[in-house]
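Report on the following structure.
The values are calculated or read from the model by the stated rules, or taken from the named source; none is laboratory data. What you see is a predicted model, and the numbers here were worked out from it, not measured in a lab. Positions of Cβ are generated from backbone atoms using ideal geometry, with glycine treated the same way; all protein chains shown enter the neighbour counts. Just so you know, the surface numbers come from the protein's heavy atoms only, side chains and all, with ligands and any DNA or RNA stripped out. Shrake-Rupley method; radii C 1.70, N 1.55, O 1.52, S 1.80 Å.
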Amino acid sequence: MNKSTSWFNITSLVVGFAFLYVPILILVVYSFNASKLVTVWGGFSTQWYVELVHDQAIIDAAWVTIRVGIISASFATVLGTMAALVLDRYRKFHGRALFSGMVYAPLVMPEVITGLSLLLLFVAIGFDRGFWAVVIAHTTLTMCFVAVVVQSRLVTLDRSLEEAALDLGCPPVKTFFLITLPLILPGVVAGWMLAFTLSLDDLVIASFNTGPGATTLPIKIYSMVRLGVTPEINAISTILISVIAVGVIAASVLSHRSQVEKEKAERAVFLTN
């Protein structure tokens, strides 16, 4: 056995994956527990999924979370893409360092500070806490992540295609939508998905800015945990894990298919020439 596949490396890998995934597996198994006690196995049952379907409070919280995630991720994608374009295309302008620092500040700033700052801002301007306050807060949080992802895509972009379009008389705005945007679209989509995931997962910032009728799913789950963990929470978590797993598998399959089609097209062009 060579050095790269030593027993120490294999053991470390197994222990690491077990540490990450065994608790998730236990959670999934106990979501089918017939007992009301989470740590006591009472037989196989799907009653907690049935109760979950009839729990209107959790359904409302899930619907609020999805709406907040979609809207905030869309806003963050537009603003983050614009910020990435400015930082990549305009290397020298007055206030660039300040602008860059403001864009990337939420990356390193604790969420407690961000949530409290936004809460004080909303109180100062008289903006009611609620659905749109959470949307604005999540947009502020996730915009910087989109900017990082899109800017990394712009760095590797071949600008000769844009220059050719501009030389042929295409206006800058039309060049962006016809040339630049399709080329950076994978980065934009990845940024949107990252922003949507961060919005779904956020608890701290949403708890500072939420209001009546704007309870997100993480806040609802946290309030349920404080009163005592029930298998219903395991059922919620299992559904989320299943949705994420399906999404990851679908993305992998689509990526593999696109890569295969690209290789086939390149091979066809090579054979033609």
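Among V246, V260, which is free of Cβ contacts under 8 Å to residues at least 12 places away in the same chain and open to solvent by 60 Å² or more (accessible area, probe 1.4 Å)?
Going through V246, V260 in turn, just one is free of Cβ contacts under 8 Å to residues at least 12 places away in the same chain and open to solvent by 60 Å² or more (accessible area, probe 1.4 Å): V246.
Taking the residues in the stretch 164-211 that are exposed (fewer than 15 other Cβ atoms within 10 Å of the Cβ) and among the charged types (D, E, K, R) as candidates, determine which candidate is farthest from I66 (Cα to Cα).
That would be D167.
Report, ordered by the first and then the second residue, all pairs with beta carbons closer than 7 Å, sequence separation of six or more or different chains, a first member in the stretch 186-209 that is within 15 Å of C144 (Cα to Cα), and a second member that is open to solvent by 50 Å² or more (accessible area, probe 1.4 Å) and modelled with pLDDT of 90 or more.
What qualifies is G191/F145; L194/F145; A195/F145; F196/I70; L198/F145.
Please enumerate the residues belonging to the stretch 212-223 that are surrounded by 19 or more Cβ atoms within 10 Å (Cβ to Cβ) and of a type in the set (S, T, Y).
T215, T216
Exactly one condition in (1) aromatic (F, W, Y); (2) open to solvent by 50 Å² or more (accessible area, probe 1.4 Å); (3) assigned to a helix (DSSP H, G or I) is not met by F127; state its number.
Of the numbered conditions (1) aromatic (F, W, Y); (2) open to solvent by 50 Å² or more (accessible area, probe 1.4 Å); (3) assigned to a helix (DSSP H, G or I), the odd one out for F127 is (3).
If you go through the stretch 6-26 one residue at a time, do you hit one that is surrounded by 11 or more Cβ atoms within 10 Å (Cβ to Cβ), in contact with a helix residue (DSSP H, G or I) (Cβ under 7 Å, 6 or more places away or on another chain) and not charged (D, E, K, R)?
The answer is yes, given that some residue of the stretch 6-26 is surrounded by 11 or more Cβ atoms within 10 Å (Cβ to Cβ), in contact with a helix residue (DSSP H, G or I) (Cβ under 7 Å, 6 or more places away or on another chain) and not charged (D, E, K, R).
Of everything in the stretch 40-75 that's part of a loop (DSSP other than H, G, I, E, B) and farther than 29 Å from S207 by Cα, which residue is most open to solvent (accessible area, probe 1.4 Å)?
Ranking the qualifying residues of the stretch 40-75, first place goes to W41.
Can you tell which of A165, A195 is over 27 Å from I26 (Cβ atoms), within 16 Å of the chain's Cα centre (by Cα) and of a type in the set (A, V, I, L, M)?
Result of the check over A165, A195: A195.
Which of the following residues is closer than 18 Å to V148 by Cβ and modelled with pLDDT under 85: F99, F93?
Matching residue, one of F99, F93: F99.
Within the stretch 197-249, track down each residue that is polar (S, T, N, Q) and at positive phi.
none
Looking for something over 26 Å from F177 (Cβ atoms), surrounded by fewer than 17 Cβ atoms within 10 Å (Cβ to Cβ) and within 21 Å of the chain's Cα centre (by Cα) - is there at least one such residue anywhere in the stretch 96-103?
The answer is yes; a qualifying residue exists.
State which residue is surrounded by the fewest Cβ atoms within 10 Å (Cβ to Cβ) when the search covers only the stretch 27-39 and only residues that are polar (S, T, N, Q) and out of contact with any helix residue (DSSP H, G or I) (no Cβ under 6 Å at 6 or more places or on another chain).
That would be T39.
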